[in-house]
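See structure below.
The values are calculated or read from the model by the stated rules, or taken from the named source; none is laboratory data. Nothing here was measured: the structure is a model prediction, and the numbers come from that model. Because the Cβ atoms are built from the backbone with ideal geometry, glycine has one as well, and the counts that use them run over all protein chains shown. The accessibility values were calculated without ligands, DNA or RNA, using every heavy atom of the protein model including side chains. Shrake-Rupley method; radii C 1.70, N 1.55, O 1.52, S 1.80 Å.
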Amino acid sequence: MTAVPIKDAYGNPVSSVSRAAVDAYDRGVRGLLGFSADIIDSFRAALEADPDFVLARAALGVSLYLAEKMPEGRTEMERAATAAVAGSGSLTPRETRHVEALALWVAGRSGDAIPLIKEVLAGHPRDMLLMQRLYYIYFWQGRSAEMLELTKSLLPVLGGDGYMLGYHAFALEENRRFDEALALAERAIAINARDAWAVHALAHVLYERGENARGVLALPPRIGPCDHLGYFKNHLLWHLALMHLAEGRYDRVRKLFQSVFGDVEITVGSDLQDSVALAWRLDLYGQTDARRWQHLGAAARGWLEMPLLLFHDLHVGMALSAAGDWASAELQLERLRQRAKKTRNATLPEVVVPLMEGLHAFARGEYALSVARIEPLTERIVEVGGSHAQREVFHDTLLEAALRAGESERAGALLERRVARRPNPGRHWLEARA
């Protein structure tokens, strides 16, 4: 009699002899989808129960890589890829291609991974781990239309899954379909109050609609149940701080900054991005504090030898320049220039390098030069990745640079565009307009 294959929580057959291993694997996948702090532990538990569970080893490699433990992540992924080739007769075709796609991603070959992931999802749309990888590849390339196309294509199969609804909600929000996004985010949260990505989608919608007063009341009770989070809780609190900032509650923002980022060692890329972006915005709004930058500059130096996403590299440079560590800031910029000569990614030489030069100029107080560097890039800043809310700091830097440079006509046009972007653009910009 042929044994009935074990299936994961999404109904995909998996090549493992242990139900306990697959259960732990399912916990890890849910952890990835919901940003749990115990993702790595879950996949390691799966491998303890079944050391030959190739998908669990590949997922462990991905999780270690996401945790910025790159050497360990690459090692585990290489082991998974080797095992997938050696055991290709015992793995399903989906599993073999799944591992191959994840190995490409860990190797930094996202462009090659995209068509392979799309191919697997076309035949196996319930492979949520691959869905999430493709989703974030698009996200960090600023390709929100493709994010929405992806989630929309999977809804016929996964439309009742809370996590899928949350991912679709955020994709709708990034494509400015706010009403649909809000309804889906609320539906996902009703299914699972601990769905942090759905809470995140809700935060984005309220911010983009200018409903900051509503957001500062609605967000804390939504964050509360998400007691399983690691660094992502700080990102949700960052969104709360943005809402307070827009409302002009600067003292509250300063306290949030200090409690979330100021009193702790910053060792995670997301925390550096959020803390730098918030501190930079406070500076734009006239709420400067050199002590913040000493803390953030010291943290940013830890990434000088470990460049990550282009979006992250920009925030490292912002921290170093704002801290006045020009030796490190110029070293990082020169390394970006050298990388730009070798890459096939035009975003690095054509957007990131001149944008970094403009941010450096702003930190030096050379506001006219900052405008000259950043303004030609406005339509291409999206290429650095991240969300509308995250990229806004670059556009706001351009606006504030024009104001401080005394370029009244240019500043006026930029200010009108900023004020028109959402119903409630925030106290600072309304006061600048008055």
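Structure notes:
- C-alpha center-to-center spacing [the range 268-331, the range 148-171] in angstrom: 34 Å
- 1.4 Å probe accessible area per residue over the range 289-419, in Å²: 41 Å²
- Measuring with a 1.4 angstrom probe and ignoring ligands and nucleic acids, TRP293 comes out at about 10 Å² accessible.
- Base-10 log of normalised Debye intensity for the range 102-243 (one unit scatterer per alpha-carbon) at q = 0.10, 0.13, 0.21 Å⁻¹: -0.34, -0.57, -1.29
- Centroid-to-centroid, using Cα positions, the range 414-433 and the range 1-56 are 49 Å apart.
- Label assignment, Cα extents along the principal axes in Å derived from the structure, set (i) 81, 46, 37; (ii) 58, 54, 40; (iii) 61, 49, 43: (i)
- Each 10 Å bin from zero up to the one holding the largest Cα-Cα distance in the range 1-72 carries the following percent of pairs: 23, 52, 21, 3, 1.
- Residue-wise HN-Hα coupling along the range 122-127, computed from phi with Karplus coefficients 6.51, -1.76, 1.60 (Hz; x: Gly, Pro): 4, x, 9, x, 9, 7
- Among the GluC sites (Glu not before Pro) in the range 334-405, those located in a DSSP loop and surrounded by at most 15 other Cβ atoms within 10 Å of their own Cβ are GLU379.
- The chain: most fluctuating residue of GLU100, GLU305, GLU68 per GNM, C-alpha cutoff 10 Å: GLU305
- Neighbourhood charge, 14 Å Cβ-Cβ cut-off, centred on LEU172 and excluding it, Lys, Arg +1 and Asp, Glu -1: -3
- Value of relative contact order over the range 83-208, rounded to a whole percent, pairs C-alpha under 8 Å and six or more apart: 16 percent
- Dipole of the range 295-391, positive direction: furthest Cα of ALA361, HIS295, PRO349, with charges on the beta-carbon: PRO349
- For the range 294-353, projected area of the alpha-carbon convex hull averaged over all directions, nm²: 3.6 nm²
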